[in-house]
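Before any comments, here is the structure.
Where a number appears in this text, it was derived from the coordinates with a stated rule and is not lab data. A quick note: this is a predicted structure, and the numbers were derived from the prediction, not measured. All Cβ positions, glycine included, derive from the backbone under ideal geometry; neighbour counts span all protein chains shown.
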Amino acid sequence: MSDEYDVIWRKGDGEMPDKAKHVVNAAREERLLRSLQLSADAQNTIRYNADKSNKTVTEYISGLVMSSIHPS
C-alpha cells in the first residue's frame, strides 16, 4: 500500500472544490447517522427517504426534528 496521496484542498486555500465538498458532506452525514446510534435498517430508511425527497440526510433529519418540536 502506498502512503502517497494527492491533496486536492487545504484549509486556507480558499473555496473548497465541489469534489472535496461532496466527500466532506457525505462523511458528515455518515457521522451524524452513526452518532444517533440507530439500527442499520433505520439508517438505510433515512438515506432512502432523504434521497427520495431530494434532500440531504442532514436536511431530512432536521425536518423530522422540527416537525416533532413544532407539529402542524
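Tabulated data for the structure shown
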| read-out | value |
| --- | --- |
| Förster radius 35 Å - calculated FRET efficiency between Thr45 and Glu4 (Cβ-Cβ, nearest 0.05) | 0.35 |
| Among 54-61, 3-10, 34-41, the order from most to least packed when residues are scored by Cβ within 10 Å on average | 54-61, 34-41, 3-10 |
| Listed residue (Val24, Gly63, Ser39) projecting farthest to the positive dipole end of the chain, Cβ model | Gly63 |
| Unit charges on C-beta of K, R, D, E only; dipole of the chain, Debye | 300 debye |
| Cα-based convex hull, the chain, per residue volume (Å³, whole number) | 169 Å³ |
| Tensor-based shape of the range 1-40 (alpha-carbon gyration tensor, a/c under 1.5 rounded, otherwise prolate or oblate) | oblate |
| Helix-only mean residue ellipticity at 222 nm for the chain, each DSSP H run of n ≥ 4 adding -39500 (n - 2.57), per residue, nearest 500 | -20000 deg cm²/dmol |
